[in-house]
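Engineer: I'd like to ask some things about the structure below.
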Amino acid sequence: MFASNTVPSDLVGCHLNTAILQPYLTLEHPRLVLDVRLASAFHQAHLANSYHISPISQLKSRYSYLPPRNVPFLVLAEYDQYEQVVHAFSSSPSARLIFLSDTTQQVYDDGKPAHIVVSKSFFESAKQLGYLRSSQSHEQRIAICSQNTNNDDVPTLLFRPSNAVRTTVLLLETQSRSLDTLRVLDLGCGAARDLAWILHGSRSRTSSCTWTGVGIDNWKAVLTRAQQLMDDLFLNQIHKDVPRGPRCEKLLWAKCSDTGLLEPLVGTGKGKPIQPQDVAKLWSEFEEIGLRPLLSTNKAIETVDEEQKFDLILSIRFHPRALLPQVSRLVRVGGIVLLSHFVTLSEVERARAIEAHPEGIVNYDSPPHQGRIQPGEIEGLVEAFNLSIEQGFTWIIHSDVLELIEDGRIIRSVALRKVAL
């Protein structure tokens, strides 16, 4: 039924029935668990690091929270939720469904078994193996995690960003000073999953630094989903017990113009660009958050204090070609601009990509070639960055890799870094 029925080595010798937890124990680390039971039942007893969504109807606006289709995860529900849950995850082939009941039985639906287990036995086994946790509320659970570095019940997000984002974030955290607050700007943030992973993840990663961040997108509807995710993770507020915890500073509605400017938007639909005199308060929000250099082409006067700059700027599967030369003025020393997008490969790059990823898709129609990273474009961008850099610093290509995305297409991920000479 599952990829493996082997009990992990750390459980060998345990004289208890691990079969009841087998769908959980055979998951790869980090084990991904989605609990859809009522909040009262969840807080009374749940598996360590579980993510909770309830009622199940809330999943309709949160399907983007789920893992890729090929990544196994556990779904824990009550037996009286059976029909709802089976229907909700009918298009998620990697979901392992466990239903908690007062009786044990085996139910088959379209030939696929769903586990129904005794609730008491399930949580007793989890307790004996050290996986049982309880909490008072989601906010209290996260606050405790942020205060105590040894706490092992930080909710694990079911999604993960690309290898390029993970590698870059871990590099910056490793090289930061203890208790530093790092800052990230996500251009074209979409539903803000990368931003959420960076901010929320700093509650549990080994580094003692934390993150704050800003997201920008030109699609108002997707920013609503981003706001929902930040609310779910309590990233839109400062906790009184954890004043330096991770925080989403702002989610901003704006577009990148063809002239290389960032244009704040107001109104409905696709929005209407504004000027400083139109909505002064909104314009000042962009300036106060450190985005002034992107609002004007006057490089002589549009400077930013070091505190307002960013340690990381993301442009993931979004390539605002005209705007990119301006973003270098927003980056702190040691900071990185990470570009990860579809690419038009040179002959040399094509050969390298085929050798590294023989299963990858090198030829694809979408997006069109003019919307992709072009041969020589990154090198030209570095030259543009260095034309306006302060004396004593330079921009370098820190890393440059070709990697696969979920559907097999090959993209180029490049980290440009500002370093001291």
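The values are calculated or read from the model by the stated rules, or taken from the named source; none is laboratory data. The structure displayed is predicted, hence computed values, not measured ones. Neighbour counts run over all protein chains shown; Cβ positions are idealised from the backbone, glycine included.
Engineer: Looking at (1) free of Cβ contacts under 8 Å to residues at least 60 places away in the same chain; (2) surrounded by fewer than 19 Cβ atoms within 10 Å (Cβ to Cβ); (3) within 24 Å of residue 191 (Cα to Cα), find the lone condition where residue 397 falls short.
Structural biologist: (3)
Engineer: Related question: Which of the residues that make up region 43-69 are assigned to a helix (DSSP H, G or I) and farther than 17 Å from residue 88 by Cβ?
Structural biologist: Correct list: 43, 44.
Engineer: Anything in region 377-388 that is surrounded by fewer than 16 Cβ atoms within 10 Å (Cβ to Cβ) and either in contact (Cβ under 8 Å) with a residue 24 or more places away in the chain or among the hydroxyl-bearing types (Ser, Thr, Tyr) (or both)? List them, or say none.
Structural biologist: Of everything in region 377-388, those that are surrounded by fewer than 16 Cβ atoms within 10 Å (Cβ to Cβ) and either in contact (Cβ under 8 Å) with a residue 24 or more places away in the chain or among the hydroxyl-bearing types (Ser, Thr, Tyr) (or both) turn out to be 384, 388.
Engineer: Only residues in region 121-145 that are closer than 16 Å to residue 203 by Cβ and in a helix (DSSP H, G or I) count as the first member; pair them with residues that are modelled with pLDDT of 95 or more and small (Gly, Ala, Ser), Cβ under 9 angstrom, at least 6 apart or cross-chain, and list the lot.
Structural biologist: Close Cβ pairs satisfying both conditions: 138/39.
Engineer: Let me ask something else. Would region 165-181 turn up any residue that is modelled with pLDDT under 95, part of a strand (DSSP E or B) and under 21 Å from the mean Cα position of the chain (by Cα)?
Structural biologist: Within region 165-181, one or more residues are modelled with pLDDT under 95, part of a strand (DSSP E or B) and under 21 Å from the mean Cα position of the chain (by Cα).
Engineer: Which condition from (1) over 22 Å from residue 66 (Cα atoms); (2) not assigned by TED's automatic domain parsing to the domain that holds residue 414 is the one that residue 181 breaks?
Structural biologist: (2)
Engineer: Do any residues in region 50-76 that are without any contact (Cβ under 8 Å) to a residue 60 or more places away in the chain have Cβ atoms under 7 Å from those of residues that are basic (Lys, Arg), where the two are at least six apart or on different chains, and which pairs are they?
Structural biologist: Filtered contacts from region 50-76: 53/62; 54/37; 74/96; 75/96; 76/37.
Engineer: Also, I was wondering about something else. Among the listed residues 366, 328, 340, 399, which satisfies the condition of being assigned to a loop (DSSP other than H, G, I, E, B) and hydroxyl-bearing (Ser, Thr, Tyr)?
Structural biologist: From the options 366, 328, 340, 399, the qualifying one is 366.
Yes/no per residue for (1) on the phi > 0 side of the Ramachandran plot; (2) assigned to a helix (DSSP H, G or I); (3) of a type outside the set (A, V, I, L, M, F, W, C); (4) not assigned by TED's automatic domain parsing to the domain that holds residue 185:
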| site | (1), (2), (3), (4) |
| --- | --- |
| 286 | no, yes, no, no |
| 290 | yes, no, yes, no |
| 304 | no, no, no, no |
| 318 | no, no, no, no |
| 352 | no, yes, yes, no |
